[in-house]
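Data block below; observations after.
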Amino acid sequence: MRLLAVRDVSKVFANGVKALEDASLEIEAGEFLSVLGPSGCGKSTLLRLIAGLETPSAGSIEWQQGRPDLGFVFQEPTLMPWTTALGNVALPLKLAGMARSEREARAAEALGHVGLAGFERSYPRELSGGMKMRVSIARALVTAPKLLLMDEPFAALDEITRRRLNTDLLELWQRTRFTAVFVTHSVFESVFLSQRIAVMSPRPGRVLSEIAIPAAYPRAESFGTSAEYAALCRTTSARLAEAMAAA
Amino acid sequence: MSARFVAPILMGLAMLGLWEAIVRSAAIPPYILPGPILVAKTLVTDWSTLWPALVVTMQITLEALLAAVVVGVLLAVLFSLSRWVELSLFPYAIILQVTPIVAIAPLIIAWVDDVHVSLLICAWLVAFFPILSNTVLGLRSVDRNLLDLFGLYGAGRWRTLVDLRLPAALPYFLGGLRISGGLALIGAVVAEFVAGSGGRESGLAWRILESGYQLKIPRMFAALVLISLAGIAIYLLLSLLSHLLLRRWHESAMAGE
């Protein structure tokens, strides 16, 4: 079942920068989709349009059943430094008006899901970069959203931490089957995670082609060293190069 | 004890010793320059006049600081909620700030019957601007992504103010508060000078003036010492407050770790 369709969306900012031009994309409910493209190609803008943080200059975003609850993970952890991990994760529930004891119980549970049980009372400054990102993901998932939008969430992390977070993210996705839209500029990351990759052109961004990644789930960390993965990366790289050459 | 404490204390003692030695060896009369030992003695013997004066000055200072916090923060919040209010009022706040308090104090003292209130207004005028401008800066220095996040979850202006803008502005506000604490004391002292006799309530500034007229220079020095000590105490207290409020999360409070 389709969740939403982005139809011929263009976005021109007030300063004249044309971020997107006639971008079209359909997203299925429950799928894991990566949006792959070079830096500055409007990937983030596309994500922000879907989230409703920006409005399109032209074109439309059509929701099959209205915009569902959604979670958003930024490139930076974007935590409030004055409150604990628990306080940060509980924020969406607090803003929804949930009572303190209930929201703290749910936030603690969400922290447990991202492997941070025991860190409820830690302040962001006491956590490592990877742990902060986990808090950020827990915050996005605490409302049990239908759609999780992620804007290069692991780009600032080291390779080892990134791999751990990738496998953990897939596990979370398989458990609850939210729709995941993951923006990245890494072929390897997008192949590892997704069922489908939408390749975007340099600015002004358009969706150039869509690549299916047929590898089965669950994909454990060992998937990243398999021959299947290497072959998929090779074909995806080739498709990306083709698309860029044609653009 | 680290060199951080020992070095300035030794330096201070050396300077006091030098001062005492010069006064004694050159036989400088106390009405020109009293030695530190005489000043200390005067502080004790004249305590019954100096203490009530200190209380008066401190009372004005603290009341002015409190008023500066209330008005400064309220105005800053108002500015952050409405661009129009900010555009129309901020220039006048700056004018108030740049006009020397000595120049307007006589007017205020002439207009306001109650001396205490007029002194309070003068001290408040000097003290409120750093709180206002720092808090405005802090309320604006909010992470854009966090603002988006609050928007995403449907937080209104009020919730965003209480849960995001105010906590984000806290370190800036506390920085302004530390500056304003010292300024409130300066404002109170300057206003007392301009007002001259404080009537039934005479602050430290009046004691300094009076001692000057009566050539009681040691008492003048003793009053001066009290003003300095009061200023240092205010600064230390506000620094402590700042440390206690920020130590869990803000970089500025973690230098020692």
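Coordinate-derived values only; no laboratory data. For clarity, every value in this text was computed on a predicted model and none was experimentally measured. FYI the Cβ positions are ideal-geometry reconstructions off the backbone, even for glycines, and counts take in every protein chain you see.
Among B:Leu18, B:Leu245, B:Leu38, the largest mean-square fluctuation in a Gaussian network model of chain B, built with springs joining Cα atoms closer than 10 Å, belongs to B:Leu18. Its Cα gyration tensor gives the stretch A:5-67 an equivalent ellipsoid; the semi-axes, largest first and in whole Å, are 20, 14, 10.
Considering only alpha-carbon pairs that sit under 8 angstrom and 6 or more positions apart, the relative contact order computed for the stretch B:39-245 is 31 percent. Dimensions of the stretch A:80-131 based on its C-alpha atoms, expressed as ranges along the principal axes with the largest first, amount to 30, 22, 14 Å. Can you give the net charge of the other residues whose Cβ lies under 13 Å from the Cβ of B:Ile60, counting K and R as +1 and D and E as -1? Here the charged neighbours net out to -4. Reported to the nearest whole Å, the Cα centre-to-centre distance from the stretch B:64-140 to the stretch A:198-212 is 55.
The share of Cα pairs per 5 Å bin across the stretch B:80-164, counted from zero up to the longest distance, runs 3, 12, 17, 16, 14, 11, 9, 7, 6, 4, 1 percent. Mean partner shielding of peptide B:247-253, defined as the number of other chain Cβ atoms within 10 Å of each residue Cβ, is 3.
Inter-chain Cβ neighbour count for B:150-158, averaged per residue, equals 4 (cutoff 10 Å, partner chain atoms only). Note on chain A: Cα-only Rg and Dmax are 18.0, 56 Å.
Hydrodynamic estimate: the Kirkwood radius of the protein assembly as shown over Cα pairs, inserted into Stokes-Einstein at 37 °C and 0.692 mPa s, corresponds to D of 119 µm²/s.
The distance linking the stretch B:168-226 with the stretch A:5-23 is 62 Å (Cα centroid to Cα centroid, whole angstrom).
Here the stretch B:129-257 is treated with +1 on each Lys and Arg Cβ and -1 on each Asp and Glu Cβ, and its dipole about the Cα centre works out to around 140 debye. With bins 5 Å wide beginning at 0, the percent of Cα pairs of the stretch A:202-247 falling in each bin runs 5, 18, 24, 19, 14, 11, 8, 1. With the highest mean first, a sort of the peptides A:100-110, B:127-137 on other beta-carbon atoms found within 10 angstrom per residue produces B:127-137, A:100-110.
For chain B, what does the helix formula give at 222 nm: sum of -39500 (n - 2.57) over DSSP H segments with n ≥ 4, over the residue count, nearest 500 deg cm²/dmol? Helix-only estimate at 222 nm: -27000 deg cm²/dmol.
Normalising the Debye intensity of the stretch B:213-257 to I(0), with uniform scatterers on Cα atoms only, and taking log10 at q = 0.26, 0.33 Å⁻¹ returns -0.86, -1.04. Among B:Ala93, B:Ala155, B:Ala76, determine the one that fluctuates most according to a GNM of chain B built with springs between C-alpha atoms less than 10 Å apart. Evaluated over chain B, the most mobile residue of the options is B:Ala155. For the stretch A:135-187, what log10 I(q)/I(0) values come out of the Debye formula at q = 0.19 1/Å, with one point per alpha carbon and no solvent? Scattering profile of the stretch A:135-187, log10 relative to I(0): -0.66.
Other residues with beta-carbon under 15 Å from the beta-carbon of A:Leu20 carry, at +1 per Lys or Arg and -1 per Asp or Glu, a net charge of +2. With springs connecting C-alpha atoms under 10 Å apart, model chain B as a Gaussian network and identify which of B:Ser82, B:Ser25, B:Ser211 has the largest mean-square fluctuation. Residue with maximal mean-square fluctuation among B:Ser82, B:Ser25, B:Ser211: B:Ser25. Measuring spread by the Cα atoms of the stretch B:1-120 yields a radius of gyration and Dmax of 22.7, 66 Å.
A simple count of charges around A:Gln195, restricted to other residues whose Cβ falls under 10 Å of its Cβ and scoring Lys, Arg +1 and Asp, Glu -1, yields -1. The order of A:Arg162, B:Arg248, going from fewest to most other C-beta atoms within 10 Å of their C-beta, is B:Arg248, A:Arg162. Using only the alpha-carbon atoms, how far is helix B:101-111 inclined from the longest principal axis of chain B? Give it as 0 to 90 degrees, nearest 10. So the helix axis and the longest Cα principal axis differ by about 90 degrees.
Relative to the Cα centre, the charge distribution of chain B, modelled as +1 at Lys and Arg Cβ and -1 at Asp and Glu Cβ, gives a dipole magnitude of about 340 debye. Only alpha carbons enter this Debye calculation for the stretch B:39-245, each as an equal point scatterer, and the log10 of I(q)/I(0) it gives at q = 0.10, 0.11, 0.15, 0.16 Å⁻¹ is -0.51, -0.59, -0.93, -1.01.
Computed from the Cα positions only, the extents of the stretch A:36-170 along the three principal axes stand at 46, 38, 27 Å, in decreasing order. A convex hull fitted to the Cα coordinates of the stretch B:87-135 yields 78 cubic angstrom per residue.
Shielding value for A:74-81 is 5, the average number of Cβ atoms from other chains within 10 Å of each residue's Cβ.
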